[in-house]
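Asker: This is the structure I want to talk about, given as structure tokens.
Every number in this text was worked out from the coordinates using simple rules, so none of it is lab data. Nothing here was measured: the structure is a model prediction, and the numbers come from that model. Using ideal geometry, Cβ is built from the backbone for each residue, glycine included, and neighbour counts are taken over all protein chains shown.
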Amino acid sequence: MSLSDTYFRHLCILRKLQKAPATQQDIKDYYEAQCETHGYHFVFSSRTFLRDKEDILSLYKKDIRYDGSTKKYFLEEDDVPDDFGNRITDAYNTYLALNMADDVAAYVHLEKRRPQGME
């Protein structure tokens, strides 16, 4: 599986848990609905979810916890904002938007020049 697929899965998990706490089945259903919307065909297993929890903590600094009383996962909120994780999410959202748009060339003109370095 490519990194793009992994980031897509992370983004789906984070979006679902930002709305409200959810069971693993709720997260899986949301992920499958998003895959169908974007035309992907990926499998979401329990082991994949556990691996993604660890990746999300290391990449985005967002801790996913399990509440045994409600049997739901939730995002542990922290007081320190994470700019790096937000920038990764924004970049990936832009990538998804450009890939979803039909004939995006009529609306977006990408520059062909190389970056000059720091401004």
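Asker: Identify all residues within segment 1-27 that are under 15 Å from I64 (Cβ atoms) and among the acidic types (D, E); write none if there are none.
Answerer: Across segment 1-27, the qualifying residue is only D26.
Asker: Hey, another quick one. If D83 passes every condition in (1) in contact with a strand residue (DSSP E or B) (Cβ under 9 Å, 6 or more places away or on another chain); (2) surrounded by fewer than 10 Cβ atoms within 10 Å (Cβ to Cβ); (3) not hydroxyl-bearing (S, T, Y) but one, which one does it miss?
Answerer: It is condition (1) that D83 fails.
Asker: Let me ask something additional. For residues that are of a type in the set (D, E, K, R) and within 14 Å of the chain's Cα centre (by Cα), scanning just segment 21-50, find the one that is surrounded by the most Cβ atoms within 10 Å (Cβ to Cβ). Even if it seems obvious, please write down each step before you answer.
Answerer: In the first step, residues of segment 21-50 are kept if they are of a type in the set (D, E, K, R); the result is 26, 28-29, 32, 36, 47.
Still in the list and also within 14 Å of the chain's Cα centre (by Cα): 28, 32.
Numbers: K28: 20, E32: 16.
By that ranking, first place goes to K28.
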